[in-house]
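Worksheet: one structure, shown below.
Taken together, the values in this text are just the output of simple stated rules run on the coordinates, not laboratory data. It should be emphasised that the depicted structure is a prediction, and the values quoted were computed from it without experimental measurement.
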Ligand SMILES: C[S@@+](CC[C@H](N)C(=O)[O-])C[C@H]1O[C@@H](n2cnc3c(N)ncnc32)[C@H](O)[C@@H]1O
């Protein structure tokens, strides 16, 4: 069973109360959904979305007796349409806890882990077509190098790609351990605490699930769904994700820019957000000791500013004061 990461910090910083309407866009084992349900009271609602049909089946069982929880199979990139289908309007709180769950990692047949022998699959949504095996066996060397650099930040991308292309000439590469051994061979084995295949597996998983593309769409959809005063919490597990979250929030937080001719102009997207966490929060030592998977987690929380949707911010004292008030 997946242990939810930074659960208490998420519910406290989302600060949802009685009657709140929330979305858990990455419901997984349901840990964050359950914690939100405890906060929203008898009149509240939690929409629990996951793109993994196996997770959705377990969530339906877990929350079967709770009419306040609505479970939907889908991608958080489509959360506006999913919420509309559920008759939901603007929401008070949204959580995205990115990446794979322990349930997915621990199931060898899903192919996410280089520690367990399984097929090279890595699809979170098994309805989609692209698998890791397809990439490993059919993408040309240049495309593999690009993938390993962009999504894995793998310094030995060229050597890994060359080794894979040579190995597949002798027969299709089909297994997780087979690929992990090839990567070890290409990189010269373990040098630090990280397994040599970590970056390759991360890159493949991100490409198979189009993770960064969906993340951007999900963040924008979530921001658009928030009520004024509503909050969104995002937990990321590696620098590529966190950078994207930071940049997306930054675009909406915006800034006043001085003009050469005098005066100031607002640079930023609508709707406007304010930071709730000035710096990303990390789990405390106790949580990392209990749940090592939490060690690289970073939590960022923002709040949608009050005001007319689509209206440009005006330079009024109240707005700055409000920003100061919500920044923890
Ligand atoms: C880290 S786990 C979440 C665990 C969950 N918070 C809990 O407490 O059990 C991430 C989950 O999000 C799902 N997921 C990842 N990206 C998604 C996306 N773009 N849309 C919907 N679900 C996604 C995965 O299938 C996985 O079940």
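Name the most mobile residue of 270, 185, 104, meaning the one with the largest mean-square fluctuation, in a Gaussian network model of the chain with Cα contacts below 10 Å.
185
Kindly express, to the nearest 10 degrees and within the range 0 to 90, the angle between helix 176-187's C-alpha long axis and the longest C-alpha principal axis of the chain.
Tilt relative to the chain: about 80 degrees.
Below 8 Å between Cα atoms, with a sequence gap of 6+, how large is the relative contact order for the chain in percent?
Computed value for the chain: 16 percent relative contact order.
Would you mind estimating how fast segment 42-122 diffuses translationally, via Stokes-Einstein at 37 °C and 0.692 mPa s with the Kirkwood radius over Cα pairs, in µm²/s?
229 µm²/s
Suppose we keep just the alpha-carbon trace of segment 83-126; what are its Rg and Dmax in angstrom?
Cα-based Rg and Dmax for segment 83-126 come out at 15.7, 45 Å.
Picking from 117, 129, 52, which is most flexible by a Gaussian network model of the chain using Cα springs under 10 Å?
The residue that fluctuates most here is 129.
Between rounded, prolate and oblate, where does segment 172-235 land on the alpha carbon gyration tensor, with a ≥ b ≥ c its root eigenvalues, rounded for a/c under 1.5, else prolate if a/b exceeds b/c? Don't skip to the end; give the middle numbers.
Working: a/c = 5.33, a/b = 2.62, b/c = 2.03.
The shape class here is prolate.
From the square roots a ≥ b ≥ c of the eigenvalues of the alpha-carbon gyration tensor of segment 101-142, which class results: rounded (a/c under 1.5), prolate (a/b over b/c), or oblate?
oblate
Can you compute the helix-only [θ] at 222 nm over the chain? Use -39500 (n - 2.57) per DSSP H run of at least 4 residues, normalise by all residues, nearest 500 deg cm²/dmol.
The helix-only estimate for the chain comes to -12500 deg cm²/dmol at 222 nm.
Rounded, prolate or oblate: which fits segment 1-69 when a ≥ b ≥ c are the square roots of the eigenvalues of the alpha-carbon gyration tensor, with rounded for a/c under 1.5 and prolate only if a/b beats b/c?
Oblate, since a/c reaches 1.5 and b/c is not below a/b.
Give me Rg/Rg_expected for the chain, where Rg uses Cα atoms only and Rg_expected = 2.2 N^0.38 Å with N residues.
Here the answer is 1.07, to two decimals.
Cα-based Rg (one decimal) and Dmax (whole number) for segment 129-208, in Å?
Radius of gyration, then largest Cα-Cα span, for segment 129-208: 11.2, 35 Å.
Distance between the C-alpha centers of segment 92-150 and segment 157-194? Whole Å please.
First find each Cα centre; the distance between them is then 16 Å.
Calculate how steeply helix 141-152 sits against the longest principal axis of the alpha-carbon atoms of the chain, using the helix alpha-carbon long axis, and give the answer as 0 to 90 degrees to the nearest 10.
Here the helix axis deviates by roughly 40 degrees.
Identify which of 175, 286, 268 has the largest mean-square fluctuation in a Gaussian network model of the chain, with springs joining Cα atoms closer than 10 Å.
286
In the chain, what % of DSSP beta bridges are antiparallel (nearest 5)?
45 percent
Helix 53-62 against the longest principal axis of the chain: what's the angle in degrees, Cα atoms only, rounded to the nearest 10?
With rounding to tens, the tilt is 50 degrees.
To the nearest Å, what is the center-to-center distance of segment 1-62 and segment 232-295, using C-alpha atoms only?
What the calculation gives is 22 Å, centre to centre.
Taking every pair of alpha-carbon atoms in segment 1-159, what share in percent sits in each 10 Å bin, from 0 to the bin with the longest distance?
Pair shares across the bins are 10, 33, 30, 18, 8, 1.
Taking only the Cα atoms of segment 128-281, how large is their convex hull per residue, in Å³?
For segment 128-281, the hull spanned by Cα atoms encloses 168 Å³ per residue.
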